[in-house]
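The values are calculated or read from the model by the stated rules, or taken from the named source; none is laboratory data. What you are looking at is a predicted structure, and each value in this text was computed from that prediction instead of being measured. All Cβ positions, even for glycine, are placed from backbone atoms using ideal geometry, and neighbour counts span all protein chains on display. The accessibility values were calculated without ligands, DNA or RNA, using every heavy atom of the protein model including side chains. Shrake-Rupley method; radii C 1.70, N 1.55, O 1.52, S 1.80 Å.
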Amino acid sequence: MKEQLVMLKEQALEKLKEQSTLQQLGDWKATYLGKKGELTAALRGMKDLSAEERPVIGAMVNEVREALEQALETKEEALRRAEREKRLREETIDVTLPGRALPLGSEHPLNRLIREAEEIFLGLGFQIAEGPEVETDYNNFGALNVPKNHPARDMQDTFYISEDMLLRTQTSPVQGRVLRANVEAAKQRGETSPQPVRIIAPGRVYRRDDDDATHSHVFMQIEGLVVDRNIRMSDLKGILTTFTQQIFGSDVSIRMRPSYFPFTEPSTEVDVTCYSCGGEGCRICKQTGWIEILGAGMVHPNVLEMAGYDPEEFTGFAFGMGVERIAMRRYGIEDIRHFYTNDVRLMSQFKSRV
Ligand code: 2NL
């Protein structure tokens with residue numbers, strides 16, 4: 001029995017050396033120290049021993065058990081340490097490696113031009129106004145002095161949603177809303193006159209056009225409106241000169257040609273000197289030296305009156321420009337549809353300066 005125990009101990013310790021994972025250690029523990037293990041089996045054999053032998057062997061069994069448990073603990077600790085060190089080695093991060101660059105988006109050229117225009121007009125004391133793209137027929141046409149039989153009101157030219165709802169064809173209804181809100185606010189406060197107005201209204205507008213290189217059924221517009229006492233055409237010219245020089249460069253000048261809009265009287269079309277040839281005449285300005293960029297005029301007294309502003313007390317000017325047309329010339333984009341197909345190869349060329 002003694003020799004058997006000594007052999008068991010030696011065999012167990014020998015086997016222990018071969019175990020190299022915590023899983024294997026568990027199996028080893030079951031084999032030698034477990035309830036169904038070899039040492040328990042040896043203990044069971046003691047019932048056949050004599051009374052003198054029993055305590056001696058009993059002590060020896062305990063001694064072997066303690067030795068094996070001790071060895072197991074030492075081995076387990078060594079294995080845990082080795083595994084932790086291995087993991088730490090594998091998880092080492094080289095903080096000196098350069099990071100992976102993420103592809104950076106860029107600002108849409110239309111949004112960029114609108115933002116630049118907004119910054120210029122904010123600097124001139126204007127506020128930015130916004131409104132819904134689905135409008136009433138009255139806000140889009142009636143309130144702007146566009147008569148019932150005007151061709152612009154035709155189903156051919158406007159997206160109607162119902163008899164009197166439509167997709168706005170210009171952002172002017174936004175300005176009309178601001179005017180009427182001011183009149184309402186003055187009434188609420190018991191004041192005799194509404195506040196003056198100095199706003200721009202940038203936004204998306206819709207026309208029933210067949211899309212081609214120069215026409216899109218959806219496009220961006222920036223309109224402006226100033227209403228105050230003693231506003232004159234020279235104020236319009238001053239604001240537009242400052243704006244165009246900040247957008248196109250301080251060496252451009254503007255000229256105004258007579259035109260017609262139902263909502264302004266007098267009305268004018270505004271040209272800038274060609275920023276490509278400086279006015280000499282080239283392909284871009286079709287040899288004229290001038291490029292048309294917007295329409296404008298003095299607000300028609302009917303428009304002021306309908307909104308609740310007394311045209312005897314107030315005068316104003318308004319203007320409207322198509323953002324795509326200016327962006328196409330400025331960035332040399334030859335097809336308006338590029339703005340809406342959003343090919344990243346084109347769009348990524350407009351890295352924002354923000
Ligand atoms: C153009 C011309 C224009 C206006 C828009 C306007 C707005 C109010 C009152 C009077 Cl609330 N006028 N807007 C005036 C003149 C011209 O747009 O060619 N746009 C692309």
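Within the range 229-258, the set of residues being in a strand (DSSP E or B) and surrounded by 15 or more Cβ atoms within 10 Å (Cβ to Cβ) comprises I254, M256. Among the residues here, F121 does not qualify as within 16 Å of the ligand (Cβ to nearest atom), of a type in the set (F, W, Y), over 12 Å from P202 (Cα atoms) and surrounded by 14 or more Cβ atoms within 10 Å (Cβ to Cβ).
When residues of the range 159-200 are filtered for being open to solvent by 50 Å² or more (accessible area, probe 1.4 Å) and either aromatic (F, W, Y) or not in a loop (DSSP other than H, G, I, E, B) (or both), how many remain? Of the residues in that region, 11 qualify. Looking at L166, L225, can you tell me which residue is among the aliphatic types (A, V, I, L, M) and within 12 Å of the ligand (Cβ to nearest atom)? That would be L225, the only listed residue that is among the aliphatic types (A, V, I, L, M) and within 12 Å of the ligand (Cβ to nearest atom).
In the range 263-299, the qualifying residues are those that are over 14 Å from L236 (Cα atoms) and more than 38 Å from the chain's Cα centre (by Cα), and the one that is farthest from the ligand (Cβ to nearest atom) is E280. Here R207 clears all of (1) away from the ligand (no atom under 13 Å from the Cβ); (2) of a type in the set (D, E, K, R); (3) touching a Ser or Thr at 6+ places or on another chain (Cβ under 8 Å) except the condition numbered (1). The condition (being open to solvent by less than 10 Å² (accessible area, probe 1.4 Å) and either β-branched (V, I, T) or in contact with a Cys (Cβ under 7 Å, 6 or more places away or on another chain) (or both)) is satisfied by just one residue among G316, G297, G289: G289.
Exactly one residue out of L167, L113, L122, L144 is over 27 Å from M298 (Cβ atoms) and out of contact with any Leu (no Cβ under 7 Å at 6 or more places or on another chain), and it is L167. Going through (1) more than 11 Å from the ligand (Cβ to nearest atom); (2) in contact (Cβ under 8 Å) with a residue 12 or more places away in the chain; (3) surrounded by 13 or more Cβ atoms within 10 Å (Cβ to Cβ) one by one, Q156 falls short only on (3).
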